[in-house]
1. Pick out, in residue order, every one of the chymotrypsin sites (Phe, Trp or Tyr not before Pro) in segment 95-196 that is DSSP loop and has at most 16 other C-beta atoms within 10 Å; say none if there are none.
2. Taking the Cα atoms of segment 30-195, what is the range of coordinates along each of the three principal axes, in descending order and whole Å?
3. Taking only the Cα atoms of segment 92-169, how large is their convex hull per residue, in Å³?
4. Would you work out the relative contact order for segment 30-195, in percent, from Cα pairs under 8 angstrom that are 6 or more residues apart?
5. Compute the projected area of the convex hull of the Cα atoms of segment 31-104, averaged over all viewing directions, and report it in nm² to one decimal place.
Amino acid sequence: MLRRLSLSAAILTAAAAPAFAHLDPLAHGSFMAGVSHPLFGFDHVLAMVTVGLWAAQTAGRDQGSVTTLWAVPAAFVATMALGFAAGTAGVALPFVEPAILASVIALGLLVSMAVKLPVPASAAVVAVFALFHGFAHGEELGTAGALQFGLGFVAATALLHGAGIALGLAASRFAPALARLAGALTALIGLSLVFG
């Protein structure tokens, strides 16, 4: 088991080398470019899946409230869309890349420690990070094809959140420590991206 985890960590760390999903802006502008874009940025994938994991932890096995389960990812998606719009409009926002890396580390830590905040507080935490994720992509894209790209980007983000929720619900039912381990690995990978 430990050997398999070490191998998984090594693969994830190696895959993290090109940490940012920032492609040539000329390649953007279509719905499919928007869908594929977050999937090629390891930092974005980690953050978005971890939001889903944390939402599943926040809802808990006993509560299982649909509102609780989806409020956190919905806050991320909605605020990310606002950040995207701000980026395409040319609004200035400092510390974008450091905030994206901080989101990976912080969200990983929240999951690893199974932190349960009230739903509005959890939604506010992810919303802050989502603003930077959306802004980064909007800023580099500009206005060309922004609507189609943005819709694809939102759809891919929602799918990644859904994957995280599914993993979190499965973990809470069959192996609760697995979600916490995934959170710890996410935080460690985030740290490796900072110092890598």
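Each reported figure results from applying straightforward, stated rules to the coordinates on display, with no laboratory input. Because the structure is predicted, anything quoted here is derived from the model rather than measured. Neighbour counts are summed over all protein chains in view; Cβ atoms, including those assigned to glycine, are modelled from backbone coordinates with ideal geometry.
1. Hits after loop and neighbour filter: PHE95.
2. 46, 36, 26
3. Residue-normalised Cα hull volume stands at 102 Å³.
4. Relative contact order, segment 30-195: 44 percent.
5. Numbers: hull surface 23.1 nm².
Average projection, Cα convex hull of segment 31-104: 5.8 nm².
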